[in-house]
Amino acid sequence: MTEAQQETYEAILRETDHYKASLVAVSKTHPNEAIESLYAKGQRDFGENRVQELADKYEQLPKDIRWHFIGHLQRNKVKYIAPFVHLIHGVDSPRLLRAIAKEGRKNNRAIDVLLQFHIAQEESKFGFDWAEAKDLLDHLQKEPLEGVRIVGVMGMATYTDHDEQIAEEFATLSAVFERIKTNYFADAEYFREVSMGMSGDYPLALQHGSTMVRIGSLLFGARKK
Ligand SMILES: *Cc1c(COP(=O)(O)O)cnc(C)c1O
């Protein structure tokens, strides 16, 4: 780890600490050594977006790492990460939620997940809108699902340099979080995460209610395509 990277890491931690938010170091595509050097500095939360890569790294690296799955997850691959994953960020359909619950039950655990919301203007971003989420949450109130626990929401802002637009999208996700909390999880302390903010936009995310930022390239350098 270069001195500059170390300084960047410490600067990000000061910012997240200030907002009482946590940092998920997004290590996808980067080798174990890169993870180990941040681990040595005390970092325990790491994020990956490929099932195979995550399973391999889990095997090879210290067992007290909290592994976050941050990408689009296919239902048939949930089983490979179900025994150990700490948090699945991108749950974007009822079918995926049910698939995760099923694997959670097989492993005698409840897997923590975040509901992903579509907040960006881009077409390609996955996620629920309010009506879809409401349908799901109403249904779960009547028929609770064992094997899974919804602990918050996640979203990605539009990739743009219009800060006002990004800020508005983050504020929207925070409002969605509050609305769900009030209506469905008022007494559940575990429902508390708003996962938003990446290398390019995390300061705005923190200002607008993020509890968890997911930062890759700023910490580890650019990813190879
Ligand atoms: C890759 C990725 C990140 C990190 O992106 P950077 O711009 O490198 O910080 C965050 N969230 C998700 C969902 C990602 O896929």
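The values are calculated or read from the model by the stated rules, or taken from the named source; none is laboratory data. Given the structure is predicted, the values throughout are model-derived calculations rather than measurements. Note that we place each Cβ from the backbone using ideal geometry, even for glycine, and neighbour counts take in every protein chain shown. Remember, those area values only see protein heavy atoms, side chains included, never the ligands or the DNA or RNA. Shrake-Rupley method; radii C 1.70, N 1.55, O 1.52, S 1.80 Å.
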Filter the range 141-158 for residues that are under 28 Å from ALA82 (Cα atoms) and within 14 Å of the ligand (Cβ to nearest atom) and give the result. VAL153, MET154, GLY155, MET156, ALA157
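Quick grid of which residues meet (1) of a type in the set (Phe, Trp, Tyr); (2) open to solvent by 10 Å² or more (accessible area, probe 1.4 Å); (3) over 14 Å from the mean Cα position of the chain (by Cα):
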{"residue": "GLY127", "(1), (2), (3)": "no, yes, no"}
{"residue": "TRP130", "(1), (2), (3)": "yes, yes, yes"}
{"residue": "HIS139", "(1), (2), (3)": "no, yes, yes"}
{"residue": "THR211", "(1), (2), (3)": "no, yes, no"}
{"residue": "ILE215", "(1), (2), (3)": "no, no, no"}
Does ASP161 meet the test of being charged (D, E, K, R), more than 13 Å from the ligand (Cβ to nearest atom) and farther than 24 Å from ILE12 by Cα? no
Subset of the range 1-41, residues of a type in the set (Ser, Thr, Tyr), more than 14 Å from the ligand (Cβ to nearest atom) and either closer than 19 Å to GLN60 by Cβ or open to solvent by less than 30 Å² (accessible area, probe 1.4 Å) (or both), comes to SER37, TYR39
Just to verify a result, which residue in the range 186-209, among those that are over 15 Å from VAL151 (Cβ atoms), within 13 Å of the ligand (Cβ to nearest atom) and not small (Gly, Ala, Ser), is surrounded by the fewest Cβ atoms within 10 Å (Cβ to Cβ)? PRO203
Looking at the range 171-181, can you tell me whether even one residue there is surrounded by 21 or more Cβ atoms within 10 Å (Cβ to Cβ) and within 16 Å of the ligand (Cβ to nearest atom)? yes
Does THR211 qualify as being more than 15 Å from TYR19 (Cβ to Cβ) and not basic (Lys, Arg)? no
Say whether the condition of being within 14 Å of the ligand (Cβ to nearest atom) and either within 16 Å of HIS68 (Cβ to Cβ) or without any contact (Cβ under 8 Å) to a residue 60 or more places away in the chain (or both) is met by at least one residue in the range 127-140. yes
Go through (1) in a loop (DSSP other than H, G, I, E, B); (2) hydrophobic (A, V, I, L, M, F, W, C); (3) within 12 Å of the ligand (Cβ to nearest atom) for VAL85 and report which single condition fails. (3)
Between residues in the range 176-197 that are at positive phi and residues that are open to solvent by less than 70 Å² (accessible area, probe 1.4 Å) and polar (S, T, N, Q), which pairs lie under 9 Å by C-beta distance while being six or more apart or on different chains? GLY197/SER210
I need the full set of residues from the range 58-73 which are open to solvent by 10 Å² or more (accessible area, probe 1.4 Å) and within 15 Å of the ligand (Cβ to nearest atom), in order please. ILE70, GLY71, HIS72
Could you please find all residues in the range 172-216 being touching a strand residue (DSSP E or B) at 6+ places or on another chain (Cβ under 8 Å) and of a type in the set (Gly, Ala, Ser)? SER174, SER195, GLY197, SER199, ALA205, GLY209, SER210, GLY216
When the residues of the range 88-104 are narrowed to those that are part of a helix (DSSP H, G or I) and not small (Gly, Ala, Ser), which ends up surrounded by the most Cβ atoms within 10 Å (Cβ to Cβ)? ILE100
